[in-house]
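**Student:** After the structure tokens below, expect a handful of questions from me.
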Amino acid sequence: MLKELTYSQLEDKIRQVNPSANFELLKKAYSYAEEAHRGQKRKSGEPYIQHCLWTAWYLAEMRLDSSTIATGLLHDVIDDTPRTNEDIKKEFGKEIAKLVEGITKLGKIKYRGIERHIENLRKMFMAMAEDIRVILVKLADRLHNMQTLNILPPEKAQRIALETVEIFTPIAYRLGIWEMKGRLEDLAFPYIHPKEYQWLVSQVKDKYERRQKYLERVKPIILKELRTEKIDPVEVLYRAKHYYGLFKKLKRYEMNLNKVYDLVALRIIVNTVEECYMVLGLVHKLWKPLPGRIKDYIALPKPNGYQSLHTTVFCEEGKITEIQIRTKKMNEEAERGIAAHWYYSEQKGLKAYIKKIVTLPPEKKFAWIQQLRDWQKELDSASPNEFLESLKIDFFKDRIFVFTPKGDVIDLPENATPIDFAYHIHTDVGDRTVAAKVDGKIIALDQNLKNGQVVEIITRKEKNVNRRWLDLAKTSLAKSKIKSSLRRQLNPEEEKKPPSAGPTPEKTKSTISPGKKKVKIVLGKPEVVGQKQIKLKLAKCCQPRLGDDIIGLVTRAEGVSVHKKSCENFQRLSKKSPQKVVPVEWR
Ligand code: MN
């Protein structure tokens, strides 16, 4: 259990890291939250405000700006007290109201097993794209919740721990907030792998202590060498590996602790990049390096931007020791990741930050996209292109993201209406729309949807397509579907004829009946045959058009992609895995 925190302790902490913080605002946010939550208790029995104070504390540790810390104090006010978002807006202005609202929305993410994992991550990304600070508050909130897991029933504790390592720590990792990632994982560890945790702690505890004492002896040797070369280090310290990280590493080394050389690593922090390489030379002069273990993450940063030099040497008494060398700035960024960037641009606020991301030099911008691509590979997403598309920051400008009641994200242009939403779900849903519920309330079909709303389409059995919808729909997808549905309503015969060849079919849906191995493409009109609905996609490489000779290829993430039979790309891919070829035909 954590100690009880007071507001003045929090204020001291903030003063330490950011003396120019807006203390008037912070004090006001504290008083507001304290009053709103007064009388409420956490499951642990402590006053609720403790949770708010600790959340704010972790944000202060990340050295975030005053608005974010204030949001940390206020983050549960809407969900758990009678206060509304309007109240917050009146008291604290738009910026903080928006942040608090973002967190309240994310609060509705419920972990429902791995299958909803990606949707949840998408939601996180949506929120992130709007304002990255929402996620930082969410991480701080989670960090405190993880400290009081022990009072929950074991099953629930385990579920939350699992959710933490599957949703929250990957985000912390991708944002480069290593410190947060390590802490969250270590808190989750005993709940997700209790036996392994016990074993590891019993194995490692002594070793950690011995290693630290050993490094205490090594430190002056390094300092002396640095002095003779007139390098003034910012700091020489050692850092014990987080338990969960160590556990994951051990699994790769047959659980043999003797093979892990960075149990406790020595870290040398200097001022400049030149000094980093000089120090690496000095270290290798003192102790012989292990071949193949010198890593230059300065020249070749990790995908999340991590920079450092790593080397493993036969150190004093022949002990194998990992040494990390980096600049002060690299160390800051390694520990605080994206939060470090936030602090640098605090004065200019959100706009400057977004601008910074969007106007990065091309190679950096590419790295950001590449990083998402990598991540999404890890996730084995159901439709990676969609995912990636919706993640491009500069793509977000004029788009809104709304959710289905199941939590799937539908991305639409600004001013889209429930009609657009319905046709994006499915033509059948669109055609049968009678009304729409937004956040539980019925709204008119001509109303504009707003970012973050949960939209539910109420349908009836018979088709209900209305010419007026053409004016309501904003997306070309919905408009073209409405047009063809209207045509069919006027002329039911047309339904049976093949659709006329448009420039490129806009959207295709399809079905496959397992066993039959025949995929039918239906243009503009989805149809269900057999059990399993498979996604069909026209290959970008050869862009088949109606009438072309076509052939399908099963892809891991996207269902079946349809190529021209003559497509070179297809021929190459099918040679590699002939079992993935499936016949398809136009309908
Ligand atoms: Mn909370």
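The values are calculated or read from the model by the stated rules, or taken from the named source; none is laboratory data. Note that the structure is a prediction, hence the values are computed from the model and not measured. So basically every Cβ, Gly included, is an ideal-geometry build from the backbone, and we count neighbours across all protein chains shown. Side chains included, ligands, DNA and RNA excluded: accessible areas come from the protein's heavy atoms. Shrake-Rupley method; radii C 1.70, N 1.55, O 1.52, S 1.80 Å.
**Student:** Counting only residues that are in a loop (DSSP other than H, G, I, E, B) and surrounded by 15 or more Cβ atoms within 10 Å (Cβ to Cβ), which one in the stretch 542-587 is nearest to the chain's Cα centre (by Cα)?
**Tutor:** 557
**Student:** Mind listing whichever residues of the stretch 20-42 are open to solvent by 90 Å² or more (accessible area, probe 1.4 Å) and under 15 Å from residue 57 (Cα atoms)?
**Tutor:** 27, the sole residue that qualifies.
**Student:** Checking the conditions here, which among 78, 69, 49, 88 is touching a residue at least 12 places away in the same chain (Cβ under 8 Å), surrounded by 16 or more Cβ atoms within 10 Å (Cβ to Cβ), out of contact with any strand residue (DSSP E or B) (no Cβ under 7 Å at 6 or more places or on another chain) and under 15 Å from residue 4 (Cβ atoms)?
**Tutor:** Residue meeting the stated conditions: 49.
**Student:** Related question: Could you tell me whether the stretch 409-417 includes any residue that is polar (S, T, N, Q), farther than 18 Å from residue 483 by Cα and assigned by TED's automatic domain parsing to the domain that holds residue 489?
**Tutor:** Yes, some residue in the stretch 409-417 is polar (S, T, N, Q), farther than 18 Å from residue 483 by Cα and assigned by TED's automatic domain parsing to the domain that holds residue 489.
**Student:** Got a sec? Which helices (runs of 4 or more DSSP H) wholly within the stretch 76-193 have at least 3 residues that are modelled with pLDDT of 90 or more?
**Tutor:** The qualifying helices (runs of 4 or more DSSP H) are 85-106, 132-147, 154-163, 178-192.
**Student:** Moving to a separate point now. Restricting attention to the stretch 10-28, does a residue exist that is within 16 Å of the ligand (Cβ to nearest atom) and either among the acidic types (Asp, Glu) or touching a residue at least 60 places away in the same chain (Cβ under 8 Å) (or both)?
**Tutor:** no
**Student:** Here's another thing I want to ask about it. Quick one: count up the residues across the stretch 29-51 that are at pLDDT 90 or above, away from the ligand (no atom under 12 Å from the Cβ) and under 30 Å from the mean Cα position of the chain (by Cα).
**Tutor:** Going through the stretch 29-51 one residue at a time, the tally reaches 2.
**Student:** When the residues of the stretch 179-211 are narrowed to those that are within 25 Å of residue 283 (Cβ to Cβ) and assigned by TED's automatic domain parsing to the domain that holds residue 140, which ends up surrounded by the most Cβ atoms within 10 Å (Cβ to Cβ)?
**Tutor:** The selected residue is 182.
**Student:** Could you list, in sequence order, the residues of the stretch 435-461 that are loosely packed, with under 13 Cβ neighbours inside 10 Å and more than 31 Å from the chain's Cα centre (by Cα)?
**Tutor:** Correct list: 442, 444, 446, 460, 461.
**Student:** While we're looking at this one, here's another question. Do you know which of the residues in the stretch 128-150 that are within 15 Å of the ligand (Cβ to nearest atom) and open to solvent by 10 Å² or more (accessible area, probe 1.4 Å) is nearest to residue 73 (Cα to Cα)?
**Tutor:** 141
**Student:** Specify which of the listed residues (90, 105, 94) is more than 12 Å from the ligand (Cβ to nearest atom) and within 13 Å of residue 29 (Cα to Cα).
**Tutor:** Checking each option against the conditions leaves just 90.
**Student:** Enumerate the strands (runs of 3 or more DSSP E) found wholly within the stretch 412-528, keeping only those where 1 or more residues are modelled with pLDDT of 75 or more and farther than 30 Å from residue 99 by Cα.
**Tutor:** Ranges flagged: 433-438, 455-459.
**Student:** Could you figure out which of (1) crowded, with 18+ Cβ neighbours inside 10 Å; (2) more than 13 Å from the ligand (Cβ to nearest atom); (3) of a type in the set (S, T, N, Q) isn't true of residue 55?
**Tutor:** Going through the list (1) crowded, with 18+ Cβ neighbours inside 10 Å; (2) more than 13 Å from the ligand (Cβ to nearest atom); (3) of a type in the set (S, T, N, Q), residue 55 breaks only (2).
**Student:** Looking at (1) hydroxyl-bearing (Ser, Thr, Tyr); (2) touching a helix residue (DSSP H, G or I) at 6+ places or on another chain (Cβ under 7 Å); (3) surrounded by fewer than 17 Cβ atoms within 10 Å (Cβ to Cβ), which is the one condition that is false for residue 8?
**Tutor:** With respect to (1) hydroxyl-bearing (Ser, Thr, Tyr); (2) touching a helix residue (DSSP H, G or I) at 6+ places or on another chain (Cβ under 7 Å); (3) surrounded by fewer than 17 Cβ atoms within 10 Å (Cβ to Cβ), residue 8 is out only on (2).
**Student:** Of the numbered conditions (1) modelled with pLDDT under 90; (2) within 24 Å of residue 178 (Cβ to Cβ); (3) not acidic (Asp, Glu), residue 270 satisfies every one except a single condition; which is it?
**Tutor:** Tallying (1) modelled with pLDDT under 90; (2) within 24 Å of residue 178 (Cβ to Cβ); (3) not acidic (Asp, Glu), residue 270 fails exactly one: (1).
**Student:** Another question, if that's okay. Select from the stretch 151-176 the residues that are farther than 17 Å from residue 43 by Cα and within 15 Å of the ligand (Cβ to nearest atom) and list them in ascending order.
**Tutor:** The answer is 163, 164, 168.
**Student:** Can you tell me which condition residue 262 does not meet? The list is (1) at pLDDT 85 or above; (2) over 25 Å from the mean Cα position of the chain (by Cα), and all the others hold.
**Tutor:** Here residue 262 meets the rest and fails (1).
**Student:** Specify which of the listed residues (244, 214) is under 30 Å from residue 151 (Cα atoms) and open to solvent by less than 40 Å² (accessible area, probe 1.4 Å).
**Tutor:** Exactly one residue qualifies, and that residue is 244.
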